[in-house]
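Have a look at the structure below before the remarks.
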Amino acid sequence: MFRFSRQTLALVALFSVIACTPAGQSHLDEYDSTPAGAEAFLAAAEGRLLDLLLELSRAQWVQQTHITGDTEALAALAYERFIEAQMQYAKQATRFDDLELSDEAARKLTLLKTAITLPAPSDAELRQELTSIAAALESSYGKGQYCPEEGECRDLGSLSRTMAESRDPAELLEAWEGWRTISPPMRDGYQRFAELGNLGAEELGFSDLGALWRSGYDMPADDFRAELDRLWEQVEPLYDRLHCYVRSRLNRKYGDEIVSLDQPIPAHLLGNMWAQSWGNVYDLVAPEGADRGFDLTVLLKTKGLDELEMVRYGERFFTSLGFEPLPDTFWERSQFTKPADRDVVCHASAWDIDAVDDIRIKMCIEINAEDFSTIHHELGHSFYQRAYSVQPLLFRESANDGFHEGIGDTISLSVTPSYLVELGLLDREPDASKDIGVLLAMALDKIAFLPFGLVVDAWRWQVFSGEASPEEYNDAWWSLREKYQGVRAPVERSEESFDPGAKYHVPANTPYTRYFLAHILQFQFQRALCETAGYEGPLHRCSIYGNKKAGSRLIDLLEMGASRPWPDALEVVTGQREMDATAIIDYFAPLDSWLEQQIEGLQCGW
Ligand code: X8Z
Ligand code: ZN
């Protein structure tokens, strides 16, 4: 959430809290430790937090869409004010711990105490230090460039294009290493950031910042870890088969010298800067005889779509389900393309500036399939934010953070060949013999992502708990990458580097487990919504486009916001109260059988 959640600023909002500061502040003594006192306290907290949130989100919007020393300082200041209040409210909320309260009040108090991504120490100097570091890390990622010894400096957009398109290992390696030159300067700041964030978490009664993050799932933090293990065990065999197949094809392309058949895959060959999703190397692994028969990037380009039209397609999907169109201000205030004249944070995000209707997205859209899908992802946040604006401030958030990340992705799953035909982007639907190609392309994004979705926070949780010391930051990162993903650094790394800092969510302090959850949940949502829509047939061919019945289920879920524990929200759409990977496994079942045949006789694993 906010720097709040970048992705969903909205979140932030929620939890901010009060502060003993200027006029209008609330003093603890004003509130009796009674149910009525708790209600009055919550009303005051929600009022003050909203004010501070507005100030913060505006300051951050300006910082991220125009990075300068001044905008960074103003954002740090607003953040500091917000966090100070948030911390005070969180501490004050414990005053009502032993009371019999309404479900609503009890839940709001729980959210006040736990929904804090960056807790700060009560010492004002330390708090300022922390928020300055936070703003500086974000800016430094946003401004990041690789400047080769000869030639022009290159930003992440340019380097990512190379990662996606080049098939020259030397060129790929240069882009891969080049981007990682931006992060060593972040290392000391990050170390201090972790220390100060931990101090803040301890003030709230948590052992460290990771423990605080894990406490936001309506279950004890240790049970949540066990949930992640359970879900990962469900999907790991499928990931291992995909890994084995992809490695064998990359070996065919690049040879034993570069890709050996019993080792982790070198991270620069998978089409993505972080090897987190592999869709860009589809052409290297496409099944003979079952190629999907089209390439969405080519279709978008051939059709001559511009960035805005891509967003309009996304909006139309949501309105086809029964959502209201986005407000005019969304179109006026969003950043869709990269401005030529200033530094910005290009990493896509969706903002809920006033927690009501001033919603925006910030992207540097490129005309390709990946960004078409990211647009749907971001709009999922926007429509969620809008839907839960009917809730009291503290509930203007998703059921858990995986839900926020999973809604737009669910919609993207409905971007099937038949939907593209309906839009007029594709002439005719490929026949069923091409399903393996379509599924493989999807798996390269969705299945390949799963272990990465665990690694980022597995690393941070080690850092925050002290299990990984600063002298081991990089080593711990690569151990986890290897263990979960079966991916290795293409060249020797050392503690001179700070490779985690080259992934946006680390300098931006955005928790990452949410994306792992979203990748499980979106298939659960899709399976249930397709059933609601009365669809019969293979799940991967289902599109809920235009289906108002499915849309209304989805709207019910989104409007609940965070008002109920997430299992209640999940039940509204799926009838299930547990996160469950059987949906993603069902979805890919035909591909899984095919992969098993393809890898027969190969030595899998690493
Ligand atoms: O950060 C994002 C979104 C914004 S919430 C674009 N995603 C993760 C990433 O890019 O690493 C979406 C998928 C995973
Ligand atoms: Zn997101």
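The values are calculated or read from the model by the stated rules, or taken from the named source; none is laboratory data. Values in this document were obtained by computation on a predicted structure and should not be read as measured data. Please note: Cβ atoms are built from the backbone with ideal geometry, for glycine as well, and neighbour counts cover all protein chains shown. What goes into the accessible areas is simple: the full protein's heavy atoms, side chains included, and nothing from ligands, DNA or RNA. Shrake-Rupley method; radii C 1.70, N 1.55, O 1.52, S 1.80 Å.
Among the numbered conditions (1) in contact (Cβ under 8 Å) with a residue 40 or more places away in the chain; (2) surrounded by fewer than 22 Cβ atoms within 10 Å (Cβ to Cβ); (3) touching a Lys or Arg at 6+ places or on another chain (Cβ under 7 Å), the only one that Glu571 does not meet is (1). Whether a residue is open to solvent by less than 70 Å² (accessible area, probe 1.4 Å), in contact (Cβ under 8 Å) with a residue 60 or more places away in the chain and out of contact with any Gly (no Cβ under 6 Å at 6 or more places or on another chain) was assessed, and Gln234 passes this test. In this structure, is Leu269 within 26 Å of Trp179 (Cα to Cα) and either touching a Pro at 6+ places or on another chain (Cβ under 7 Å) or open to solvent by less than 10 Å² (accessible area, probe 1.4 Å) (or both)? Taking the combined requirement at face value, the residue satisfies it. The one condition from (1) away from ligand 1 (no atom under 13 Å from the Cβ); (2) more than 28 Å from Glu471 (Cβ to Cβ); (3) of a type outside the set (S, T, N, Q); (4) part of a helix (DSSP H, G or I) that Gly537 does not meet is (4).
Filtered by the rule that a residue be open to solvent by 10 Å² or more (accessible area, probe 1.4 Å) and hydroxyl-bearing (Ser, Thr, Tyr), segment 62-115 gives Thr65, Thr68, Thr71, Tyr79, Thr94, Ser102, Thr110, Thr114.
In segment 337-356, which residues are away from ligand 2 (no atom under 11 Å from the Cβ) and open to solvent by 10 Å² or more (accessible area, probe 1.4 Å)? Across segment 337-356, the qualifying residues are Thr337, Lys338, Pro339, Ala340, Asp341, Arg342, Asp343, Cys346, Asp354, Val356. Of all the residues in segment 291-317, those that are aliphatic (A, V, I, L, M) and without any contact (Cβ under 8 Å) to a residue 12 or more places away in the chain number 1. Scanning segment 290-304 for residues that are part of a loop (DSSP other than H, G, I, E, B), open to solvent by 20 Å² or more (accessible area, probe 1.4 Å) and either in contact with a helix residue (DSSP H, G or I) (Cβ under 8 Å, 6 or more places away or on another chain) or of a type in the set (Asp, Glu) (or both) yields Asp291, Arg292, Gly293, Phe294, Asp295. For segment 422-472, taking the residues that are open to solvent by 30 Å² or more (accessible area, probe 1.4 Å) and in contact with a Lys or Arg (Cβ under 7 Å, 6 or more places away or on another chain), the one that is farthest from Phe224 (Cα to Cα) is identified as Lys434.
The C-beta contact set for segment 507-531 (first residue part of a loop (DSSP other than H, G, I, E, B) and modelled with pLDDT of 95 or more, second residue near ligand 1 (Cβ under 9 Å from one of its atoms) and among the basic types (Lys, Arg), distance under 6 angstrom, 6+ apart or interchain) comprises Ala508/Arg6; Thr510/Arg6. Being more than 16 Å from ligand 2 (Cβ to nearest atom) and either buried (at least 21 other Cβ atoms within 10 Å of the Cβ) or among the polar types (S, T, N, Q) (or both) is the requirement here; does Ala528 meet it? When the stated conditions are applied, Ala528 passes them. When the criteria are applied in full, Leu379 fails the requirement of being away from ligand 2 (no atom under 13 Å from the Cβ) and either under 22 Å from Ala528 (Cα atoms) or not small (Gly, Ala, Ser) (or both). All conditions but one from (1) more than 16 Å from ligand 2 (Cβ to nearest atom); (2) closer than 30 Å to Leu300 by Cα; (3) in a loop (DSSP other than H, G, I, E, B) apply to Ser418; the one that does not is (3). Check whether at least one residue in segment 33-45 is modelled with pLDDT under 95, over 18 Å from the mean Cα position of the chain (by Cα) and open to solvent by 10 Å² or more (accessible area, probe 1.4 Å), and report yes or no. The answer is yes, given that some residue of segment 33-45 is modelled with pLDDT under 95, over 18 Å from the mean Cα position of the chain (by Cα) and open to solvent by 10 Å² or more (accessible area, probe 1.4 Å).
What is the residue count in segment 364-378 for residues that are assigned to a loop (DSSP other than H, G, I, E, B) and farther than 18 Å from Asn280 by Cβ? Total satisfying the criteria: 0. Filtering segment 265-323 to residues that are within 16 Å of ligand 1 (Cβ to nearest atom), within 21 Å of Tyr254 (Cα to Cα) and hydrophobic (A, V, I, L, M, F, W, C) leaves Ala267, Leu270, Met273, Trp274, Ala275, Trp278. Does Val438 satisfy the condition of being in a helix (DSSP H, G or I) and free of Cβ contacts under 8 Å to residues at least 24 places away in the same chain? Spelling it out, it is not the case that Val438 is in a helix (DSSP H, G or I) and free of Cβ contacts under 8 Å to residues at least 24 places away in the same chain. Only one entry in Ser497, Ser543, Ser552 is in contact with a Gly (Cβ under 8 Å, 6 or more places away or on another chain), open to solvent by 10 Å² or more (accessible area, probe 1.4 Å) and either away from ligand 1 (no atom under 15 Å from the Cβ) or charged (D, E, K, R) (or both), namely Ser552. For the residues Gly142, Gly197, Gly205, the requirement of being open to solvent by less than 10 Å² (accessible area, probe 1.4 Å) and either part of a strand (DSSP E or B) or over 19 Å from Asn272 (Cβ atoms) (or both) singles out Gly197. The selection criterion, being assigned to a helix (DSSP H, G or I) and of a type in the set (A, V, I, L, M), holds for Leu242. Inspect all residues belonging to segment 149-161 and state whether any of them is surrounded by fewer than 16 Cβ atoms within 10 Å (Cβ to Cβ), more than 30 Å from Met273 (Cα to Cα) and not acidic (Asp, Glu). Within segment 149-161, not a single residue is surrounded by fewer than 16 Cβ atoms within 10 Å (Cβ to Cβ), more than 30 Å from Met273 (Cα to Cα) and not acidic (Asp, Glu).
Any residue at all in segment 382-396 that is assigned to a strand (DSSP E or B) and within 11 Å of ligand 2 (Cβ to nearest atom)? No: zero hits. Annotation note: Cβ proximity below 7 Å between a residue of segment 392-414 that is open to solvent by 10 Å² or more (accessible area, probe 1.4 Å) and a residue that is within 10 Å of ligand 2 (Cβ to nearest atom) (sequence gap 6+ or interchain) occurs for Asp401/Arg514; Asp409/His377; Asp409/Gly380; Asp409/Ala518; Ser412/His377.
Would you check if Glu84 is charged (D, E, K, R), under 20 Å from Phe206 (Cβ atoms), part of a helix (DSSP H, G or I) and at pLDDT 95 or above? It is true that Glu84 is charged (D, E, K, R), under 20 Å from Phe206 (Cβ atoms), part of a helix (DSSP H, G or I) and at pLDDT 95 or above. Just checking, does segment 357-372 include any residue being among the acidic types (Asp, Glu), open to solvent by less than 20 Å² (accessible area, probe 1.4 Å) and at pLDDT 95 or above? Looking for residues that are among the acidic types (Asp, Glu), open to solvent by less than 20 Å² (accessible area, probe 1.4 Å) and at pLDDT 95 or above, one finds at least one in segment 357-372, hence yes. Each residue in segment 309-357 was checked for being farther than 22 Å from Glu55 by Cα, outside any loop (DSSP other than H, G, I, E, B) and of a type in the set (S, T, N, Q), and 2 pass.
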